[in-house]
1. Please list the non-local residues whose amide H lies under 5 Å from the amide H of Y146, H modeled 1.01 Å from N, same-chain partners needing a gap of 5 or more.
2. When the C-alpha atoms of the range 290-409 are aligned to their principal axes, what extent does each axis show, in angstrom, from largest down?
3. Please give the FRET efficiency for K187 paired with T5, using the beta carbon to beta carbon distance and R0 = 45 Å, rounded to the nearest 0.05.
4. Long-range amide H contacts for I198: which residues qualify at under 5 Å (H placed 1.01 Å from N, peptide plane, sequence gap of 5 or more or a different chain)?
5. State the extension gain, in nm to one decimal, for the chain segment bounded by A85 and D418, taking 0.36 nm per residue of separation less the distance between their alpha-carbons.
6. Net charge around L297, counting only other residues with Cβ within less than 14 Å of its Cβ (Lys, Arg = +1; Asp, Glu = -1)?
7. Contact order normalised by length for the chain, with contacts defined as Cα pairs under 8 Å and 6 or more residues apart; what percent is it?
8. Using only C-alpha positions, report the orientation-averaged shadow area of the convex hull of the range 47-278, nm², one decimal.
Amino acid sequence: MTAQTDNTLKSIDSEVFNLVRSEESYQRSTIRLIASENYTSRAVLEACGTVFQNKYSEGYPGARFYQGQINCDALERLAIDRAKALFGAEHANVQPYSGSPANLAVYLAFAKPGDTILGLNLSHGGHLTHGSKASVTGKWFNAVHYNLNPDTGLLDYDEIRRLALEHRPKLLIAGHSAYPRQLDFAKFREIADESGAILFVDMAHFAGLVAGGAHANPVPFADVVTTTTHKTLRGPRGAMILCKEVHAKAIDKAVFPGLQGGPHNSTTGGIAVALKEAATPAFKEYAHAVVANAKTLAAELSAKGFKLVSGGTDNHLILIDLTNKGITGKEMAIALEAAGIVLNYNTVPGETRPAFDPSGIRLGTPSVTSRGFGVGEMKRIAEWMDAVASDAKNTDKLASIARDVATLCSGFPVPGID
Ligand SMILES: *Cc1c(COP(=O)(O)O)cnc(C)c1O
């Protein structure tokens, strides 16, 4: 046996190693309020970096195009069974590479190019893949959009119904990336039935809340539900499609061979672990704490004169229109980053500014709740945000807040890192 060689990442590629270390420290010392981000557990990270990276397994468990699938089959079955049990689904496909490909698979399964789809407008909180002109879904389908009511900032179900009956969409899409309220799935079901549409719910953002019982479950109402696995669900970057048994074949065929080749088996492992974690009492507590934190933060920000779209929140995210604060969304997001608080600028309903420098910001509590922040920390975040909004050009002030932020963060261990 020859002398052992050091083949760790650190010795093979110090550049990548150092970037990973640097990102760990960044995620440890900043307050992460990007509503779509989270911290996965050490167990999920471990499951994603295994020899399942070495496998090819086109097809599905028990029906693969390659031999040697004994462990891949068992792993994927585990993830499928856990997904079905957690969400009460008749069928689950855990192979989509991410949320966008999962949504494309739904279109491929149910629609033909030129067909009409109806979803929430991107600038009102919808997702690119819900028919935005910039997305293939807006180029290949006849996308019609519903908006939020400009006065209330809420979904207007009468308007959705009117548009559905007028346009008779093949797919009625419910779901969002930036709507701070829960959805009425029974209402959506009714509208889908009246207009003859397939009801497609994209719960990418709030799947973790559904898993933890802090948000209504769309699965009993929808024909098909897609979700990412890396947002509130706190798993690896990936996606799943849940559907009624009658649609199982169409969905599976659309994912493979319709859109994809071999599944990312190591990711499947991470998804399986995340689903196990999401079925625990601790995760239930987590999901409810995410919403409680968002409500606290919303109330604190409101009290400081921030204008919240829809007046508040009952999920994990908050959308703020900064117009009355005399600062744009992008200016605020950049100043906050300098102060150690990371979030994204966002359009608001009735947006009058360009999408790359809109009037609003979006923030969410999934990440900070994962590291144990509670009421006291929400109050401090609101204070810091208020200070930044009124003094965004004062770089000394921003740097001083960043130091206070890092001090606060040092008291809260980071899942998956510490
Ligand atoms: C995040 C998101 C997606 C897309 O997920 P990716 O993994 O980024 O492709 C799809 N739909 C909604 C509603 C989302 O919020």
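The values are calculated or read from the model by the stated rules, or taken from the named source; none is laboratory data. All of these numbers come straight from a predicted model, not from anything done at the bench. Every residue, glycine as well, gets a Cβ built from its backbone with ideal geometry; the counts of neighbours run over all protein chains shown. These accessible areas exclude ligands, DNA and RNA; they are computed on the full protein's heavy atoms, side chains included. Shrake-Rupley method; radii C 1.70, N 1.55, O 1.52, S 1.80 Å.
1. G119, L120, N121
2. Over the range 290-409, Cα extents along the principal axes are 37, 35, 23 Å.
3. 0.10
4. L171, L172
5. That pair, A85 and D418, stretches by 116.8 nm at full extension.
6. That sum, taken over residues with Cβ under 14 Å, equals +1.
7. With pairs under 8 Å counted, the relative contact order is 23 percent.
8. Over every viewing direction, the Cα hull of the range 47-278 projects on average to 11.8 nm².
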